[in-house]
Amino acid sequence: MQGDGVYTPELVVDGQFGFVGSDGRKASSAIQEAMREPKIPIAMSNVTRDGNQVTVHIEVPRNLPYSAIKYNLGQMLSIWGVSHGKHNFGPFKGNVQIFIGTVPLKQVTVSSYAAYTKPLEKIQLQSHMAIWIVIQKKAMAPTSLPPVTFYTEY
């Protein structure tokens, strides 16, 4: 469900399968396939919007080992219905750049980011990870991104 153009499926099953909603055979097949995959409950909270920036806090159960978490950014964007490609992200057009930073153990601030060039489906979501999605005409350096501070209960 990724490409350079805008794609709006009528039906998305499990954030993975998108197709025309009137195709009952595909719908049934996708639902059956999705039911075979194990699911992990998540809680989303503190959703805020500031202009064109949306921030969401996502949590998984505390007793769940990190190795069991298999969500990636591409899945979340599919669930939310956000199309993306090399030259678009949702309704925004331009060159899409991704930067990722993680917080070292026992620290709370991300201040160093690396450019990410693989598909968004390869970004495995994890605790205390900052992902910047920049859409503009000219490429930018990751050093111009501001730090992100997480609040934690170490």
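The values are calculated or read from the model by the stated rules, or taken from the named source; none is laboratory data. Predicted, not measured: the structure shown is a model, and the values here were computed from it. A quick note on method: Cβ atoms are made from the backbone with ideal geometry, for glycine too, and the neighbour counts reach across all protein chains shown.
Here are the numbers:
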read-out: Candidate set: segment 15-43, residues that are at pLDDT below 75 and in contact with a helix residue (DSSP H, G or I) (Cβ under 9 Å, 6 or more places away or on another chain); chosen: the one surrounded by the fewest Cβ atoms within 10 Å (Cβ to Cβ); value: Pro38
read-out: Which numbered condition Ser112 fails, given (1) modelled with pLDDT under 80; (2) surrounded by 13 or more Cβ atoms within 10 Å (Cβ to Cβ); (3) part of a loop (DSSP other than H, G, I, E, B); value: (1)
read-out: Total residues in segment 115-135, condition modelled with pLDDT under 85 and closer than 18 Å to Gly90 by Cα; value: 3
read-out: Boolean, Ile98 is closer than 19 Å to Ile58 by Cα and within 13 Å of the chain's Cα centre (by Cα); value: no
